[in-house]
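A short worksheet on the structure shown next.
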Amino acid sequence: MKNKLFLLAIIVGGISLTYYLQNQPKEEKLPVINPVDIIPEMVDPTVLMERKGYGHTIGDFTLVNQDSTIVTQQIIQDKVFVAEYFFTTCTNICPIMNKQMQRVHEKYKSQEDFRILSFSVDPEIDTVAQIKKYAEEHNAGPNWYFITGEKERLYELARKSFFVLKPAEAENVGDAGSDFIHTNNFVLVDKQRRIRGYYDGTSPTSVDSLMIDIGKLLKEE
């Protein structure tokens, strides 16, 4: 009799657990953002043809980091990463942004498949020595790259790959069409180099959301 009751309890428990798991709310996937659908005139048609059927992805690049090392798209191969644009002599939004980015770095600094890419928009001032000092001031670990290089290459990447304005604001292109890019946006990119979100780097609440979404992408197949 006891054995039968024990078996019945196991069966009932198993059914209850199955029902519970099946009725748990599923975590929604982050959308894949395709800015070229919104402002296609800003993208090289050749690039669009190469990516046809896959959507927009972050383009290739060859720049240099704070350790005088040449960096290419290989540093983001199969990595989730966050990109930002800043300059070391900025005294308004950049200090706020990089204080927030330090929070992101602290949370994910031990994650092997995560990177932070901080691109300078003022490479004439932001030499390797300058960004090295800035990186040290922000306790940047090995997965946080401060990047400089030719201004033309940096700005091309900002305008044609990262679209540093939020897509919803693209009708007012602002920075994206000017001679100096200054934006508070953090851009979240997945392991396939697709944009998955834009976040206000000056807002702790928005950065909280960013950190949650990074975790989602790191678990995504």
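The values are calculated or read from the model by the stated rules, or taken from the named source; none is laboratory data. What you see is a predicted model, and the numbers here were worked out from it, not measured in a lab. FYI the Cβ positions are ideal-geometry reconstructions off the backbone, even for glycines, and counts take in every protein chain you see.
Could you look through the range 90-114, keep only residues that are assigned to a helix (DSSP H, G or I) and buried (at least 21 other Cβ atoms within 10 Å of the Cβ), and pick out the one that is farthest from the chain's Cα centre (by Cα)?
Step by step, filter the range 90-114, then rank; the result is Cys94.
I'd like to know if the range 81-89 contains one or more residues that are within 21 Å of Phe163 (Cα to Cα), of a type in the set (A, V, I, L, M) and part of a strand (DSSP E or B).
yes
Assess whether Ala140 counts as being closer than 23 Å to Arg159 by Cβ and crowded, with 16+ Cβ neighbours inside 10 Å.
no
Tally time: how many residues in the range 143-158 are buried (at least 22 other Cβ atoms within 10 Å of the Cβ), in contact with a Pro (Cβ under 8 Å, 6 or more places away or on another chain) and not hydroxyl-bearing (Ser, Thr, Tyr)?
Count: 1.
Check the range 115-129 and report whether any residue there is crowded, with 20+ Cβ neighbours inside 10 Å, within 12 Å of the chain's Cα centre (by Cα), touching a residue at least 60 places away in the same chain (Cβ under 8 Å) and not in a loop (DSSP other than H, G, I, E, B).
No: the range 115-129 contains no residue that is crowded, with 20+ Cβ neighbours inside 10 Å, within 12 Å of the chain's Cα centre (by Cα), touching a residue at least 60 places away in the same chain (Cβ under 8 Å) and not in a loop (DSSP other than H, G, I, E, B).
Do we find that Thr57 is at pLDDT 50 or above, among the hydroxyl-bearing types (Ser, Thr, Tyr), under 22 Å from the mean Cα position of the chain (by Cα) and surrounded by fewer than 12 Cβ atoms within 10 Å (Cβ to Cβ) in this structure?
So Thr57 does not fit the description; no.
I'm checking my understanding of the structure. Among residues of the range 68-89 that are more than 15 Å from Val207 (Cα to Cα) and among the aromatic types (Phe, Trp, Tyr), which one is farthest from the chain's Cα centre (by Cα)?
Phe87
Given the condition within 23 Å of Asp213 (Cα to Cα) and either in contact with a His (Cβ under 8 Å, 6 or more places away or on another chain) or crowded, with 19+ Cβ neighbours inside 10 Å (or both), answer yes or no: does some residue in the range 69-78 qualify?
Within the range 69-78 (the criterion being within 23 Å of Asp213 (Cα to Cα) and either in contact with a His (Cβ under 8 Å, 6 or more places away or on another chain) or crowded, with 19+ Cβ neighbours inside 10 Å (or both)), the answer is yes, since at least one residue qualifies.
Can you tell which of Lys160, Lys133 is at pLDDT below 90 and either in a helix (DSSP H, G or I) or in contact with a helix residue (DSSP H, G or I) (Cβ under 9 Å, 6 or more places away or on another chain) (or both)?
It is Lys160.
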